[in-house]
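The values are calculated or read from the model by the stated rules, or taken from the named source; none is laboratory data. Computed from a predicted model, the values in this text were never measured in an experiment. Reconstructed Cβ throughout: ideal geometry from the backbone, glycine too, with neighbour counts over all protein chains shown.
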Amino acid sequence: MTTVYALHENPEWFPPFARAFEAEGVEVVEWLLTDGVLDLDAVPPEGVFWSRISASAHTRDHGLSKDYARSVLAWLEAHGRRTVNGRRVLELEMSKVDQLTALKAAGIATPRTVAAVGRERIVEAARGFAAPFIVKHNQGGKGLGVRKFESHEELAEYVGSSGFEEPQDGITLVQEYIQAAEPFITRAEIVGGQFVYAITADTARGGFQLCPADACAIDPVTGRPIMPPGATIAPEPGQQLFSLREGFDHPVIAQFEDFARRNQLEVCGIEFIETADGRVLTYDVNTNTNYNAAVEAVAPKSAPRELVRYLATLG
């Protein structure tokens, strides 16, 4: 049976996948891309190489992971190895500009967005937006740099302050603020180009930080739930921000499946908002998707096990 090599940088996110590999009887080898040595004259082992490098790796002191992964994936693909979420998808993970332009090219509606390259251009980029509006980091994940502003003056004060949060790649997005019809977003999970299930995330308590992994929810110092940026209600211990969206059947799912296939996105979670003014706007593509334990407990099928079954067919 084929060996799967899991390329990642955060062991805290991996246990649900390790259990799924064990349950399916598929051998997995974890390859942590935090730092290391890559011999370009060596020949890669045989197997399937599944990449789940995150755009937020630098927040865990893994600032080398992005470029290490680029090197490893280039080496693997040059040797003809089967990669899942390979070199092209890594670039998609690292850039919301890349995601939004690809979504728009596929005919999927997205929020109005302007990219400011350099701190000094952010105020200028925001001039075409009526308040309120938000800013976020282009290399995101975990709600990095997401802030809502009620006026242009408030933005100018923030950008000129010592509290300004510098984006990892120097690119800040200014984006229309989306008023949801109900206080939640929906995330569609896709494996092997096929829709698995949809979840909702409570934005009143989850704010802009909507990572579904259990490791994201608790402050390791206090042991208390984290109050995410943008949340309006403090989460309580044991309270679930994520739930299965049962029976979800919407034309956007077919669009997402087609988008995933066109962009070699074999594993992803795509997030969208149904707005108060009747639009469906897609704003984020997660290529290192995590699955929530509470959702998995009630879902009609297990996403990690669907993933392992899919990977096992590729050898």
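Structural remarks
- Within segment 43-58, residues that are not assigned by TED's automatic domain parsing to the domain that holds VAL191 sit with their Cβ atoms under 7 Å from residues that are among the hydrophobic types (A, V, I, L, M, F, W, C) and in a loop (DSSP other than H, G, I, E, B), at 6+ positions apart or across chains, in these pairs: VAL48/LEU314; ILE53/LEU33; SER56/LEU144.
For every residue, the table says whether it meets (1) under 14 Å from GLU166 (Cβ atoms); (2) among the hydroxyl-bearing types (Ser, Thr, Tyr); (3) surrounded by fewer than 21 Cβ atoms within 10 Å (Cβ to Cβ).
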residue: GLY118; (1), (2), (3): yes, no, yes
residue: ARG121; (1), (2), (3): yes, no, yes
residue: ALA131; (1), (2), (3): no, no, yes
residue: HIS137; (1), (2), (3): yes, no, no
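Residue-wise test of (1) hydroxyl-bearing (Ser, Thr, Tyr); (2) within 26 Å of VAL295 (Cβ to Cβ); (3) modelled with pLDDT under 95; (4) surrounded by fewer than 23 Cβ atoms within 10 Å (Cβ to Cβ).
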site	(1), (2), (3), (4)
THR3	yes, no, no, yes
ALA6	no, yes, no, yes
PRO15	no, yes, no, yes
PHE49	no, no, no, no
ASP67	no, no, no, yes
GLY80	no, no, no, yes
LYS96	no, yes, no, no
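- Residue that is surrounded by the most Cβ atoms within 10 Å (Cβ to Cβ), among those in segment 140-195 that are part of a helix (DSSP H, G or I) and among the hydrophobic types (A, V, I, L, M, F, W, C): LEU155
- For first residues located in segment 290-305 and in the same structural domain as ILE53 (by TED's automatic domain parsing), partners that are surrounded by fewer than 21 Cβ atoms within 10 Å (Cβ to Cβ) and lie 6+ apart or on another chain with Cβ distances below 7 Å do not occur.
- Condition check for ILE233: over 28 Å from LYS66 (Cβ atoms), modelled with pLDDT of 95 or more and hydrophobic (A, V, I, L, M, F, W, C): no
- Remark: pairs (first residue in segment 244-267, closer than 14 Å to ALA188 by Cβ and touching a residue at least 24 places away in the same chain (Cβ under 8 Å); second residue in a loop (DSSP other than H, G, I, E, B) and among the charged types (D, E, K, R); Cβ separation under 8 Å; 6+ apart in sequence or on different chains) = ALA260/GLU266; VAL267/ARG52.
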